[in-house]
Each structure stands twice: as C-alpha cells, then as structure tokens.
Amino acid sequence: MRRPAFLLGILVAACASSPPAPDWQANASQALQAFQAGYLKGDTRASESEFARARSELARTGRADLVARAELVRCAVRVASLEFDECPGFQPLRDGAGAEEIAYADYLAGKGAHPATEDPLSQLVSAGVSLRAGGIDPAGISKAVEIASAQGWRRPLLAWLSVQLKRAEAAGDGETAARLRRRMALISG
C-alpha cells in the first residue's frame, strides 16, 4: 500500500461486482476523491463534509476494513500537508483492519517503510513521513515544494514553504526568508 490513490482503488475493487454496483460504492469513492481534492486545495469545510459523507457511506456496509482504509486516506493527505497526528480516526478501527492497513498506518506514523511511486501525492506523503522521522534533506524539501506547486495544492505548498522559511530564518538567510514570505503571501492572498 503506497499511496492514497491506491487505497481508493482498493475500496473500489473490494466493492466491485458483476451486477450493478450499489450506490454507496460510487458515493463513497466520489466523496473520498472530493475530500482529497478539497483538502489539498485548502478548503477544510467542504473537504470535511465530503469525508463525513464517504465515511457514512462506507459505514453502511458494517465493514471496518473499508472505513479504516478511508481513514488512512485522510491521514495520508494530512501527512502530505505536514499535519501530524496519530491517525485518530483509524485507531478505533485498527482491530478490524488488515495487515496492509496496519502496516500503512505504521508507515504514516514514521514506523515503517514504503517506497513512493511516481504519483505526486505518494511522493508528498513519503516526504512528510521523512520529515516526521527527521530524515529529509533540503533537496527533499525543495522537491516537495515543487510537487505541491505543480499540482496547485495550496495546503501542502504552504506547509512545505513554511519548513523552508524556518530553515532560512535559522540560517540567518534574510533574503531567502523574505522571498519565501512573499510567495506564501501570494498563495494565501
């Protein structure tokens, strides 16, 4: 399990069947995708509403593993945006989750390894995990900034620029710090 897109794929595949799919499957998938897009753009209210809708649709099945996967999507998007916590929505579902979900949760907490794919979100999640574990260098931080910028993802871009700003300030590099503040103001404006 390497990225939130993979988790979304598992949700769809786990629910796929030959007869017409129940409406909850499409609803949950669409809501998770909308959550992810909204969250990365920085629209907290709309993204949380979409996540609640996705979780509700998945909970209708009574399958803790599906709800756990959705919670991992949420946690991964937060890690990509440098918002670290212990994935509180996943923890109550941990006992009903499979080995892959548990391993991915551990990875997000900085306690495991999963290689990033070429998917931009996967790369940002990997960079976030590296930062959390204290193992990212300036080039890795710059790459994360470039990825978030290229995707137009406001929330993680501001988070990664903030990391660069703190490093510039700590190094006494006023010129770089001023440039980063201007860029952040442009994004926030």
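Taking the range 140-189 as the region of interest, how many residues are in a helix (DSSP H, G or I), among the charged types (D, E, K, R) and free of Cβ contacts under 8 Å to residues at least 12 places away in the same chain? It would help to see each step written out before you state the result.
Going through the range 140-189, the residues in a helix (DSSP H, G or I) turn out to be 140-151, 154-170, 174-188.
When the remaining residues are screened for being among the charged types (D, E, K, R), the result is 143, 146, 154-155, 166-167, 169, 175, 179, 181-183.
Applying the additional criterion that residues be free of Cβ contacts under 8 Å to residues at least 12 places away in the same chain yields 146, 166, 169, 175, 179, 182.
The total comes to 6.
Check off (1) more than 23 Å from residue 58 (Cα to Cα); (2) open to solvent by less than 40 Å² (accessible area, probe 1.4 Å); (3) acidic (Asp, Glu) for residue 101 and give me the number that stays unchecked.
(1)
So which of 171, 177, 159, 148 is buried (at least 16 other Cβ atoms within 10 Å of the Cβ) and more than 24 Å from the chain's Cα centre (by Cα)? Break it down into steps so the answer makes sense when it comes.
Numbers: 171 fails: buried (at least 16 other Cβ atoms within 10 Å of the Cβ); 159 fails: more than 24 Å from the chain's Cα centre (by Cα); 148 fails: more than 24 Å from the chain's Cα centre (by Cα).
After applying the criteria, what remains is 177.
With the requirement that a residue be out of contact with any helix residue (DSSP H, G or I) (no Cβ under 7 Å at 6 or more places or on another chain) and either open to solvent by less than 40 Å² (accessible area, probe 1.4 Å) or modelled with pLDDT under 90 (or both), what does the range 1-55 give you?
Selection gives 6, 9, 13, 16, 17, 18, 19, 20, 22.
Test residue 88 against the criterion of being free of Cβ contacts under 8 Å to residues at least 60 places away in the same chain, within 29 Å of residue 22 (Cα to Cα), open to solvent by 50 Å² or more (accessible area, probe 1.4 Å) and within 16 Å of the chain's Cα centre (by Cα), and give yes or no.
yes
Taking the residues in the range 58-78 that are at negative phi and open to solvent by 50 Å² or more (accessible area, probe 1.4 Å) as candidates, determine which candidate is farthest from the chain's Cα centre (by Cα).
Selected residue: 60.
Going by the structure shown, is residue 81 closer than 18 Å to residue 160 by Cα, surrounded by 20 or more Cβ atoms within 10 Å (Cβ to Cβ) and without any contact (Cβ under 8 Å) to a residue 24 or more places away in the chain?
Judged against the criteria, residue 81 is not a match.
Residues in the range 117-141 that are of a type outside the set (Lys, Arg) and either closer than 14 Å to residue 81 by Cα or crowded, with 20+ Cβ neighbours inside 10 Å (or both): how many?
Qualifying residue count for the region: 13.
In this structure, does residue 56 turn out to be out of contact with any strand residue (DSSP E or B) (no Cβ under 7 Å at 6 or more places or on another chain), without any contact (Cβ under 8 Å) to a residue 12 or more places away in the chain and hydroxyl-bearing (Ser, Thr, Tyr)?
yes
Let me spell it out: the conditions are (1) of a type in the set (A, V, I, L, M); (2) under 30 Å from residue 63 (Cβ atoms); (3) surrounded by 16 or more Cβ atoms within 10 Å (Cβ to Cβ), and residue 113 meets all of them except one. Which number is the exception?
The one condition residue 113 does not meet is (3).
The values are calculated or read from the model by the stated rules, or taken from the named source; none is laboratory data. The structure displayed is predicted, hence computed values, not measured ones. Heads up, the Cβs are rebuilt from the backbone with ideal geometry, glycines too, and the neighbour counts pull from every protein chain shown. SASA here: full protein model, heavy atoms, side chains in, ligands and nucleic acids out. Shrake-Rupley method; radii C 1.70, N 1.55, O 1.52, S 1.80 Å.
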